[in-house]
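Written out below as C-alpha cells is the structure these notes cover.
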Amino acid sequence: MTDAPVILTHGLTKSFGDAQAVRGLNLSVGANRITAFLGQNGAGKSTTIKMLLGMVRPSCGEGTVLGKRITDAEENREMRRKVAYVAEDKPLYSYMTVEQTVRFASSFYPDWREAVAGRLLNEYKLPSQRKVKKLSKGMRTKLALLLAFARRPELLILDEPSEGLDPVGIEHLLQMLVAQAADGVTIFFSSHQIAEVERVADHICILDSGRLLLNASLDQLRQSYRRIDLVFASAAPDNEFRIAGVEKIQAKGHQMVLFAKSNAEAVVERARDLNAVSVEVAPVGLREIFLETVKEN
Amino acid sequence: MFFKLNPTTSQPLYLQLMQQVRHAAETGALQDGDQLPGIRTLAEELVVSPNTVAKAYSELEHDGLLELRQGSGAFVCVRRRTRSLADHVHVARRKLRDLIEQLRDDGLSNEEIQRAFEAELLYPAEIVGRR
C-alpha cells in the first residue's frame with residue numbers, strides 16, 4: 001500500500017461556462033486498494049473521472065493516472081490500455097447483439113480473458129443473441145461490467161456501477177470487485193450505495209460541489225468519528241467544547257450533542273471536568289459521516 | 001469457521017476478524033493446526049476488501065496465533081499462553097455478566113449499558129493504558 005499513487009491530481013478544475021464543476025481538486029488514490037468516490041448528484045464525480053481518462057479537458061490544473069499525464073494524448077493512449085472503465089451511462093452500440101458486443105470489445109484489448117467473459121455471460125444470464133437496444137437497464141449494466149471484468153487491467157474505474165442492479169446483482173458486482181482486487185487490480189469507483197461501500201472499500205473520498213472534503217481510510221474513520229451525547233445539571237456549556245476535532249455542537253437546554261471527527265477522548269474528559277451528569281459515546285456510520293460532511297460544506 | 005462482520009460499528013473490519021479468530025481459538029472452536037481459508041477465498045466469501053483479510057492475518061501472525069505459509073494458507077497455532085488467556089477472558093466474562101445483570105436490575109436498558117461502556121473505555125487512558 002506504500003506504492004506511488006495510481007491517480008494524482010493537482011488543482012484540477014473544470015468550468016462549464018460560469019459553473020465550476022470541479023474546483024482545484026487535489027486527489028491522491030493509492031495502489032492495491034479499493035477506493036470509493038462518494039458525492040451527491042452533480043458533485044462533480046463523473047466530470048472528475050472523465051478528466052482522469054482524458055475524455056474531458058481540464059480548464060486548469062494537472063494530473064497523472066498510472067504515472068501518465070492526463071492532458072498528453074500519447075501518454076493518455078498508453079494509460080488507457082491499462083485502465084478499464086465502466087461509464088455512468090453505459091454507452092454500448094444499440095444495433096449490436098450481446099455476443100457481437102463482447103466479440104467486438106475482445107478484439108481491442110490484449111489483456112482480454114476469454115474464459116472470464118464466457119463465465120460472466122452465463123452468470124449474468126445475458127441473452128447472447130439479443131440486441132443491446134432491447135436489453136433492460138440492469139442487463140445493460142451487466143454487459144458493461146462484463147466488458148470491464150473480462151479484462152485484467154492495472155486500474156479499474158467504475159462510475160455508478162450498481163445502477164439498475166437488483167440486490168443479487170449488487171452482491172455479485174461486489175464479489176467481482178473483491179476478486180479483481182485480490183488479483184492486484186486497483187479499484188476506484190463512485191457510488192451512492194453507502195451500505196455496500198462500507199463493506200468493500202479500503203479508502204473513502206468525498207466530493208461536494210467540486211471540492212474534495214475527505215480522503216481517508218475507512219478504518220481510520222471508523223475509529224475516530226464519534227457522536228457524544230452529554231447532559232448537564234445546568235445549562236449546557238457549549239462554549240467549553242470548541243476542541244480540535246469537534247465538528248459540530250448542538251445544545252438544547254441541559255442537553256448537548258457533539259460530532260467529533262477525532263479526539264473524542266478529550267471531549268469525554270472535558271465533560272467529566274465540567275461534571276456532566278451523563279456521557280454517552282456512540283460510533284458514527286459512514287452514512288452519517290457522509291451526510292454531516294456534505295451538510296457542513 | 002464462520003465469521004460475522006458488522007460494517008456499521010466503530011470497529012474496523014480487520015479488528016473484528018482478528019477478534020473472532022482469537023475468540024474461536026480461546027473457546028476451542030479453532031484447534032492447533034486448523035487451516036483458515038486463503039485471503040482471496042475469505043475476502044470473496046465475506047465480500048470485503050482482500051486488504052481487510054490480509055491485515056487481520058498479518059496481525060494475527062504477528063501475535064503468534066496464525067502461521068502463514070506461502071501458497072498453502074493460514075494455520076492456527078494455539079499455545080499455552082492462548083489457553084491461559086482464555087481462562088482470564090472466561091473469568092472476566094463472568095464478572096461482566098454479574099455486573100450487567102446488576103445494572104439491568106437497576107433499570108438500565110441494554111443500549112444504555114452499552115453506551116456507558118463505550119464512554120468508560122474512552123476514559124481515562126492512564127488507567128486502561130495496558131493495551
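Bear in mind that the values in this text are calculations on the coordinates, not laboratory data. For clarity, every value in this text was computed on a predicted model and none was experimentally measured. We place every Cβ from the backbone using ideal geometry, glycine too, and count neighbours over all the protein chains shown.
Using the alpha-carbon atoms, what tilt in degrees (0 to 90, nearest 10) does helix A:137-149 show relative to the longest principal axis of chain A? With rounding to tens, the tilt is 80 degrees.
Under 5 Å between amide H atoms, partner at least 5 residues away or on a different chain: which partners does B:Leu30 have, H built in plane at 1.01 Å? Residues meeting the criterion, in which the H sits 1.01 Å from N, are B:Ala25.
With respect to the cross-link table entries A:Lys50/A:Lys90; A:Lys261/A:Lys295; A:Lys14/A:Lys134, which display a Cα-Cα separation exceeding 24 Å? Can you show the working numbers first?
Numbers: A:Lys50/A:Lys90 13 Å; A:Lys261/A:Lys295 14 Å; A:Lys14/A:Lys134 35 Å.
Listed pairs above 24 Å: A:Lys14/A:Lys134.
In plain terms, the bigger the Kirkwood radius, the slower the diffusion; for the range A:1-153, with that radius from Cα pairs, at 4 °C and 1.567 mPa s, Stokes-Einstein puts D at 76 µm²/s.
State, as an integer percentage, the relative contact order of chain B based on alpha-carbon contacts under 8 Å between residues 6 or more apart.
Details: 101 pairs, mean separation 27.8, N = 131.
Relative contact order here is 21 percent.
Rounded to the nearest 10 degrees, the inclination of helix B:50-62 to the longest alpha-carbon principal axis of chain B is 80 degrees.
Other residues with beta-carbon under 12 Å from the beta-carbon of A:Leu38 carry, at +1 per Lys or Arg and -1 per Asp or Glu, a net charge of -2.
From the cross-link list A:Lys68/B:Lys55; A:Lys68/A:Lys131; A:Lys142/B:Lys4; A:Lys252/B:Lys95; A:Lys45/A:Lys82, which pairs have alpha carbons spaced over 32 Å apart? It would help to have the intermediate numbers written out before the result.
Values: A:Lys68/B:Lys55 30 Å; A:Lys68/A:Lys131 37 Å; A:Lys142/B:Lys4 29 Å; A:Lys252/B:Lys95 38 Å; A:Lys45/A:Lys82 21 Å.
Among A:Lys68/B:Lys55; A:Lys68/A:Lys131; A:Lys142/B:Lys4; A:Lys252/B:Lys95; A:Lys45/A:Lys82, the Cα-Cα distance tops 32 Å for A:Lys68/A:Lys131; A:Lys252/B:Lys95.
Evaluate 2.2 N^0.38 Å with N set to the residue count of chain A, then give the Cα radius of gyration divided by it. Provide the component values of the computation, followed by the final result.
Values: Rg = 22.5 Å, N = 297, 2.2 N^0.38 = 19.1 Å.
Rounded to two decimals, the normalised Rg is 1.17.
The Cα center of the range A:23-42 and the Cα center of the range B:11-45 differ in position by 31 Å.
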